[in-house]
1. Restricting the search to region A:198-226, which residues are crowded, with 24+ Cβ neighbours inside 10 Å, assigned to a helix (DSSP H, G or I) and either in contact with an Asp or Glu (Cβ under 7 Å, 6 or more places away or on another chain) or aromatic (Phe, Trp, Tyr) (or both)?
2. Given (1) part of a strand (DSSP E or B); (2) surrounded by fewer than 20 Cβ atoms within 10 Å (Cβ to Cβ); (3) within 11 Å of another protein chain (Cβ to nearest Cβ), where does B:ASP22 come up short, assuming only one miss?
3. Using beta carbons and a limit of 7 Å, which pairs, at least six apart or on different chains, have the first residue in region A:150-162 and assigned to a loop (DSSP other than H, G, I, E, B) and the second one charged (D, E, K, R)?
4. For region A:80-107, what are the residues that are surrounded by fewer than 22 Cβ atoms within 10 Å (Cβ to Cβ), among the small types (Gly, Ala, Ser) and at pLDDT below 95?
5. If you go through region A:165-189 one residue at a time, how many are surrounded by fewer than 20 Cβ atoms within 10 Å (Cβ to Cβ) and in contact (Cβ under 8 Å) with a residue 24 or more places away in the chain?
6. For residues that are more than 7 Å from every other protein chain (Cβ to nearest Cβ) and in a loop (DSSP other than H, G, I, E, B), scanning just region B:43-66, find the one that is nearest to the chain's Cα centre (by Cα).
Amino acid sequence: MNPSDPLARLKFRDPERARGLREALDCLVQQADHAPVSVMHVCGSHEQAIAKFGLRAAFPSNLHVIMGPGCPVCVTDVPEVDEAVALAKQGVRIASYGDMLRVPGTSQSLADAKAEGANVDVVYSVTQAVELARKHDEEIVFFASGFETTAVATAAVLVDDPPDNFSVLSAHKYIPPVMEIVAEMPETKIEGFLAAGHAATITGSAVFEQFVDRHGLPVVIAGFEPLDVMAGLVKLMEVINSGEPRVENAFPRCVTREGNVRAQELLWRVFRATGGRWRGIAHVPNGNLRLRDELARYDTRKRFTIDASALWSYAPPKLVQQCQCGDIMAGIASPSDCPLFGKECTPDAPVGACMVSAEGTCKIWHQYGGRPDLRSIKRGAA
Amino acid sequence: MCLGVPGKVVEVDRENQIATVDFWGVKKQVRLEVCDVPVAPGDFILNHVGFAIRRIPPEEAAETLALYDELLRLADEQDLMAADVRAEIAAAPDASDRPKRTSNESQ
């Protein structure tokens, strides 16, 4: 393999297979009866793999692979952050995943509240939040974020008799409904979706069948290795070119049609899907996971009177008004379209939520470079 | 945060639904109640925030482990993907904490 070929410098375990997949992708995109072809993935881990391994340099130039609303921390809406901040400032102890601390609310983040003396703990799992509640006599609120994969863990601890001083402020989100919203946006020209392998491990591939029927757009489930992503895109292009939209599972070692039924039962025993806003995107019917009434005693929103109005007396900083996170998460802009990206907005001083989270498009592009233009090298090597 | 990380099951406590799982030499306790199939020593599981969300048969594990092997070997401290993997491992309690907790519970 030519050493100047960008693919050769990727650490593929199987460079020959990678080359074969790239050639297949080239071929399939050429066979499409129009150009360019735009497809969307909805997972920060996919974007990490694409950006880290420089895959966009290996994609055909007529194939646009766009990240949609795949960062659960980023789509946590301002009022949800305000609820957590208001509670923290009221003196309630909050535990949450690390990325949630810096997500901006109307005027403050949880990190700001912590800097002012509020008790905010970073945990890696909901189980650690329960442990905190066991150790302390005070109320512990777990500010829960994540898609269905992560919500299952929250559900598991809630049915396992957690201590009375433990409650959950759920900002969990459910991915399938937001795909419907994005598919219907007039600005998007998405022709197919790459679905996240690990979320589909839980939901099964069948969850996307109705989506395909309703929108006529194919969905292919893909894993996270560079080769998995390439193989997923090849399959997606095959289905797009076939003109017969359907669901395909390109990650069978982790995903089945039925999914993890036990996990689904747990999820829906604890949560119900309800409509709500996703930051910067839209109101998403059935996009938010909230605790069922049977578990009201563990529902922070039922347990406390949360008054966030004191946070609304500040105007948001001027820079925030220029932030493009909403359009970026909807897949109609990329970080390089944002005037703040890499200048006023960096991982050390994030303006928008997409620069806060490790799964945010802006933070990923800032670390790895999002769209390396190595095509000249590729052509030269050919 | 949705990445999950594969590890090898070395011991299963069926009664408490907890497995001792080896992640690149670090032994952790992973909860099993979400997994829909029984796991046995030698199986691989996919751990997400301290829970096994999927059993991976041993013969398919190499494919799944490859990305993670490389990340943990080559990625620097700041790398986002490697940080996600380390966070997934950190999410599960150390296996060595286990006997202590069991004795607390029995008191």
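1. Within region A:198-226, A:ALA199, A:ILE202, A:THR203, A:PHE208 qualify.
2. Here B:ASP22 clears every test but (3).
3. Listed pairs, sorted by first residue: A:VAL159/A:ARG269.
4. A:GLY98, A:SER107
5. Applying the first criterion (surrounded by fewer than 20 Cβ atoms within 10 Å (Cβ to Cβ)) to region A:165-189 yields A:165, A:177, A:180-181, A:183-189.
From the residues that got through so far, the ones that are in contact (Cβ under 8 Å) with a residue 24 or more places away in the chain too are A:165, A:177, A:180-181, A:183-185, A:187-189.
Of the residues in that region, 10 qualify.
6. B:ASP43
To keep it simple, each residue is scored yes or no on (1) at pLDDT below 95; (2) in contact with a helix residue (DSSP H, G or I) (Cβ under 7 Å, 6 or more places away or on another chain).
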residue	(1), (2)
B:ARG14	yes, no
B:LYS27	no, yes
B:PHE51	no, yes
B:GLU59	yes, no
B:THR64	yes, no
B:LEU71	yes, yes
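Yes/no per residue for (1) out of contact with any helix residue (DSSP H, G or I) (no Cβ under 6 Å at 6 or more places or on another chain); (2) more than 23 Å from B:CYS35 (Cβ to Cβ):
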residue	(1), (2)
A:ILE190	yes, yes
A:ILE221	no, no
A:GLU225	no, no
A:ASP228	yes, no
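The values are calculated or read from the model by the stated rules, or taken from the named source; none is laboratory data. Computed from a prediction, not measured in an experiment: that's the story for all the values here. Positions of Cβ are generated from backbone atoms using ideal geometry, with glycine treated the same way; all protein chains shown enter the neighbour counts.
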